[in-house]
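Working notes, structure below.
The values are calculated or read from the model by the stated rules, or taken from the named source; none is laboratory data. Since we're looking at a predicted model, the values are computed, not measured. When we count neighbours, we look across all protein chains shown, and the Cβ atoms used for this are built from the backbone with ideal geometry, even at glycine. Surface accessibility is based on the protein's heavy atoms, side chains included, excluding ligands, DNA and RNA. Shrake-Rupley method; radii C 1.70, N 1.55, O 1.52, S 1.80 Å.
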Amino acid sequence: VSGCDATESIFITNILPEPFMPTIIVDAPNCEGDVFTLSTDASGMAFDWIGPLGSSAAVLAANGLTTTTNSITIDPSNASYLSGEWSVRVTDVNGCVAISFPIQVDINTVPVALASNNGPVCEGADVQLFASPVNGAIYNWYAGDPASGGALFSSQQNPMLFAPAAGTYDYYLQIVNNG
């Protein structure tokens with residue numbers, strides 16, 4: 001108001017570089033009941049793993065989603081064990097923050113494998129094997145336990161055994177859906 005002015009200057013001597021945007025990676029596929037691991041290529045002092053429940057301090061603290069390492073394993077007992085978008089917020093040694101683009105994490109339902117046949121049948125008759133229908137599934141029938149070296153017999157949902165010899169046979173059904 002008096003018409004006088006004053007000037008002050010400040011020198012900024014240490015402008016910190018912006019941290020690189022982190023990339024978030026998920027091990028996949030993830031089946032219901034299995035743990036899943038998120039990781040990032042970034043380095044930093046703090047990592048906030050942000051999932052479908054959001055990024056509030058309360059959510060991150062309650063679910064153990066703030067770490068000092070660049071990976072985290074989420075198990076089914078964690079309230080954040082959810083399908084949806086996940087990202088990571090990384091704080092570097094200077095206190096600068098970078099956030100990744102979100103990625104989709106899917107937790108797939110484990111299919112139910114129910115096997116049956118049209119037996120018992122008389123010697124010389126054909127035997128039909130039946131598998132429970134699962135949309136988009138891959139069906140693997142094994143002659144013997146696959147864990148013990150049983151051979152893949154068929155990849156059809158309901159294969160036919162043509163006139164097997166009299167006896168008892170063990171066939172194993174594996175249904176694969178969404179990995």
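A compact table of results
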{"quantity": "Test: residue in the range 85-92 that is surrounded by fewer than 16 Cβ atoms within 10 Å (Cβ to Cβ) and within 21 Å of Asp34 (Cα to Cα)", "calculated": "yes"}
{"quantity": "Residue pairs meeting the criteria (Cβ under 7 Å; at least 6 apart or on separate chains; first assigned to a strand (DSSP E or B), in the range 107-129; second modelled with pLDDT of 90 or more and loosely packed, with under 13 Cβ neighbours inside 10 Å)", "calculated": "Ile107/Glu32; Asn108/Glu32; Gln128/Met160"}
{"quantity": "Sole residue being of a type in the set (A, V, I, L, M, F, W, C) and open to solvent by less than 30 Å² (accessible area, probe 1.4 Å), chosen from Ile15, Ile50", "calculated": "Ile50"}
{"quantity": "Filtered residue count, the range 130-161, keeping only those that are part of a loop (DSSP other than H, G, I, E, B) and open to solvent by less than 80 Å² (accessible area, probe 1.4 Å)", "calculated": "12"}
{"quantity": "Of all residues making up the range 46-60, the number that are among the small types (Gly, Ala, Ser), in a helix (DSSP H, G or I) and under 18 Å from Val90 (Cβ atoms)", "calculated": "1"}
{"quantity": "Close pairs (6 angstrom Cβ cut-off, 6 or more residues apart or separate chains): over 16 Å from Asn63 (Cα atoms) in the range 80-95, in a strand (DSSP E or B) and of a type in the set (Gly, Ala, Ser) anywhere", "calculated": "Val90/Ala98; Thr91/Ala46"}
{"quantity": "Condition check for Ser55: small (Gly, Ala, Ser) and closer than 30 Å to Val134 by Cα", "calculated": "no"}
